[in-house]
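Everything on this sheet refers to the single structure shown next.
The values are calculated or read from the model by the stated rules, or taken from the named source; none is laboratory data. From a predicted model like this one, the values you see are computed outputs, not experimental measurements. Using ideal geometry, Cβ is built from the backbone for each residue, glycine included, and neighbour counts are taken over all protein chains shown. When the accessible area is computed, the model is the full protein with side chains, heavy atoms only, and any ligands, DNA or RNA have been set aside. Shrake-Rupley method; radii C 1.70, N 1.55, O 1.52, S 1.80 Å.
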Amino acid sequence: MKQAFHIVAIQTRGPGLYEFTDEAESFVRTEKVESGLLTCFVRHTSASLLIQENADPDVQKDLQDFFAWLAKSGPRFRHTAEGPDDMPSHIRSALTQTSIGIPVQQGRLVLGTWQGIYLFEHRDAPHRREVMLHILG
Amino acid sequence: MKQAFHIVAIQTRGPGLYEFTDEAESFVRTEKVESGLLTCFVRHTSASLLIQENADPDVQKDLQDFFAWLAKSGPRFRHTAEGPDDMPSHIRSALTQTSIGIPVQQGRLVLGTWQGIYLFEHRDAPHRREVMLHILG
Amino acid sequence: MKQAFHIVAIQTRGPGLYEFTDEAESFVRTEKVESGLLTCFVRHTSASLLIQENADPDVQKDLQDFFAWLAKSGPRFRHTAEGPDDMPSHIRSALTQTSIGIPVQQGRLVLGTWQGIYLFEHRDAPHRREVMLHILG
């Protein structure tokens, strides 16, 4: 049984989806894992993970608009000290994923044809985000 | 350490929850894994996964109605080329799961008494969906 | 390859977030796993899991208010036999997590500085909840 870790560092420039499918695939290839499980884990509570369509860029814009709308439609927030975009960011993170497991078969992630792996940045200001990749195979 | 893969193929007939708990349990039994981790991964972005109550069928109808309502309550969509039900499907997928990990103990999934594993179909037209099962044990 | 299981039992006192980060960390230490994957799995459909900020308690109150508001804003429910708070609880569970995988590196969970692991209780009445921890390393 083999294990390996890799940190994906993503410099964000405001809210939106930042794809890292290639870096994840490349990590699996470099580690030469034939069969196993890749875990992607985001080490933040105001950015999250999402597997979504990587074909039409409008899908990403619509997703972003929807989550922006939703997190601001509820009751008024108490937690405002870190800025008006902080609490909506926690909510959007809670509604999506902190951790995603993806099986590896024949040396490749078993993603469907249109699936891409994304960091979902929710804060307005630029941030350096870390996604921990862990492979077990 | 043992690994095995199995594809659950589900022919859907419109939006709703399609249970595959039995097929997942049967895969674990067939592979004779005593302790381990089962990962369920859906290879689509307009269908998703959900663990929910398998007792009262009304729970499933209420869940479906809620997610249908929610995905249509937000801002207007740009991505409409694949039909009016496509973008709401991506949103409903983003709000639920693409991947679920379930521990296996004493040869059985550690599901609670009322928990069932479901494919959540979001598109109106029938689709052939694939859920990849991967066991590590 | 080593495996171990541990049940976190949490007695809840109404809706809210109940942290169990310390018990999860302690399980990893006790099992002396240097590298691996911890899976947290909740065996219920009206309580769920969430990784969120453990600094300002107001974040938790705002999260709880948001999810309470959201689950009650949709269409009317059919499933009411188990009380008016049961169906909203299933919805709040569906919108958050049943299972979370967290890599272990150098003997520690790779959580970010502000991340805590929580059971999210959705029912009004007190419940005894079980979270199954499984480590593979």
- Query: How large, in Å, is the range C:1-61 by the Kirkwood hydrodynamic radius built from its alpha-carbon pairs?
  - Reply: 13.7
- Taking a probe of 1.4 Å and counting only protein heavy atoms, give the total accessible area buried between chains A and C in Å², rounded to the nearest 100. 2800
- the range A:35-121 - convex hull of alpha carbons, volume per residue in Å³: 89
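What's the local net charge at C:Thr80, with K and R +1, D and E -1, over the other residues with C-beta under 11 Å away? Can you show the working numbers first?
Values: positive: C:Arg76, C:Arg78; negative: B:Asp56, B:Asp58, B:Asp62, C:Glu82, C:Asp85, C:Asp86.
With Lys, Arg at +1 and Asp, Glu at -1, the net is -4.
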- To the nearest 10 Å², what's B:Lys72's accessible area with a 1.4 Å probe? 140
- What is the dipole size for chain A, taken about its Cα centre, with +1 at each Lys and Arg Cβ and -1 at each Asp and Glu Cβ, in debye to the nearest 20? 440
- Query: Mind listing P(r) for the protein assembly as shown? All alpha-carbon pairs, 10 Å bins, whole percents.
  - Reply: 5, 24, 36, 27, 8, 0
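Using the heavy atoms of the protein chains alone and a 1.4 angstrom probe, what is the accessible area of the protein assembly as shown per residue in square angstrom? Show your work: numbers first, answer last.
Numbers: 15530 Å² over 411 residues.
Each residue of the protein assembly as shown exposes 38 Å² on average to a 1.4 Å probe.
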- May I ask which residue of C:Leu63, C:Ser73, C:Ile91 lies farthest towards the positive end of the charge dipole of the range C:24-124, with charges of +1 (Lys, Arg) and -1 (Asp, Glu) on Cβ and the Cα centre as origin? C:Ile91
- Note on the structure: Output field shielding_mean for C:71-78 (other chain Cβ, 10 Å radius) holds 5
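Would you calculate, for chain B, the mean residue ellipticity at 222 nm contributed by helices, counting each DSSP H stretch of 4 or more residues as -39,500 (n - 2.57) and dividing by all residues, to the nearest 500?
So the calculated ellipticity at 222 nm is -8000 deg cm²/dmol.
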- Picking from B:Leu38, B:Tyr118, B:Ser26, whose Cα lies most toward the positive end of the charge dipole for chain B (charges on Cβ: Lys, Arg +1; Asp, Glu -1)? B:Leu38
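Heavy atoms only, 1.4 Å probe, whole protein assembly: order C:Met87, A:Met1 by accessible area, highest first.
From most accessible down to least: A:Met1, C:Met87.
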- Message: What does the structure give for A:50-56 when I average, per residue, the other chain Cβ atoms found within 10 Å of the residue Cβ?
- Response: 6
